[in-house]
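Structure, as structure tokens:
The values are calculated or read from the model by the stated rules, or taken from the named source; none is laboratory data. Given the structure is predicted, the values throughout are model-derived calculations rather than measurements. A quick note on method: Cβ atoms are made from the backbone with ideal geometry, for glycine too, and the neighbour counts reach across all protein chains shown. Areas reflect the complete protein model, heavy atoms only, side chains present, ligands, DNA and RNA absent. Shrake-Rupley method; radii C 1.70, N 1.55, O 1.52, S 1.80 Å.
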Amino acid sequence: MQLTTHTDYALRLLIYLALPKDAAPATVQKVAMAYGISANHVAKVAQTLVQTGHIKSVRGRGGGLALARPAPEIGVGEVVRETENLRLLECFGPASQCPIDPACLLKRALVKAQEAFLRELDRYTLADLVDNGDDLRRLLR
């Protein structure tokens with residue numbers, strides 16, 4: 001399985017926001033600089049995470065981004081499901097044109113593999129990803 005850059009950046013943004021720091025919300029620019037990525041990409045990812053209810057955006061002076069829920073309540077599998085296109089093949093959609101679709105063992109194997117992948121991610125929360133917070137904060141200066 002390979003995740004898109006959008007999902008990668010979504011997880012990175014959540015990790016950044018889950019690290020305890022000063023009381024001020026994080027800004028898109030601070031996150032982008034910490035990871036060395038485009039602020040435009042971070043802004044797009046932040047928009048997605050606001051829409052899915054994982055983060056909140058505060059406008060105006062002193063505004064920025066913050067987690068909408070506590071880190072232990074944000075599941076990694078949940079985030080991946082909400083940010084990733086999980087349609088591995090054309091036949092995963094409702095309008096499959098593949099003539100062997102009804103009897104395809106490849107599709108069944110891929111469905112099982114994807115379910116196992118997501119089940120494993122479901123074992124982790126955002127809190128688990130920042131369990132080494134001191135190390136992460138040092139690296140994200």
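Here are a few things to note about the model shown:
- Relative contact order, whole percent, for the chain stands at 30, derived from Cα pairs under 8 Å and 6 or more residues apart.
- Within the accessible area of the chain, the carbon and sulfur atoms contribute 54%, probe 1.4 Å, all protein chains present.
- Once the C-beta distance of E115 and V50 is scaled by a Förster radius of 30 Å, the resulting FRET efficiency is 0.60 to the nearest 0.05.
- Cα gyration tensor shape for the stretch 24-96, rounded if a/c is under 1.5, else prolate or oblate: prolate
- Mean-position separation - Cα centroids, the stretch 26-42 and the stretch 100-141, in angstrom: 24
- Once backbone amide H atoms are built at 1.01 Å from N, T125 has V76 as its partners under 5 Å, excluding neighbours fewer than 5 places away on the same chain.
- Phi-derived couplings, Karplus 6.51 cos²θ - 1.76 cosθ + 1.60 at θ = phi - 60°, listed residue by residue for the stretch 33-46: 5, 4, 9, x, 10, 5, 5, 4, 5, 4, 4, 5, 5, 4 Hz, with x used for Gly and Pro.
- Per residue, in Å², the accessible surface of the stretch 12-141 once ligands and nucleic acids are set aside, probe 1.4 Å: 63
- For K30, a cut-off of 18 angstrom between C-alpha atoms picks up these lysines, skipping any fewer than 8 places away in its own chain: K21, K44, K56.
- Trypsin sites (Lys or Arg not before Pro) restricted to the stretch 1-69 and DSSP loop, no more than 16 other C-beta within 10 Å: K21, R59, R61
- Length-normalised contact order for the stretch 25-93 - Cα pairs under 8 Å, 6+ apart - percent: 27
- Area of I100 that stays accessible when all protein chains are in place (1.4 Å probe, Å², to 10): 100
- A simple count of charges around E84, restricted to other residues whose Cβ falls under 13 Å of its Cβ and scoring Lys, Arg +1 and Asp, Glu -1, yields -1.
- Rg of the Cα atoms in the chain, relative to 2.2 N^0.38 Å, amounts to 1.23.
- Considering helices alone, the calculated mean residue ellipticity of the chain at 222 nm is -15000 deg cm²/dmol, with DSSP H runs of length four and up weighted by -39500 (n - 2.57) and normalised per residue.
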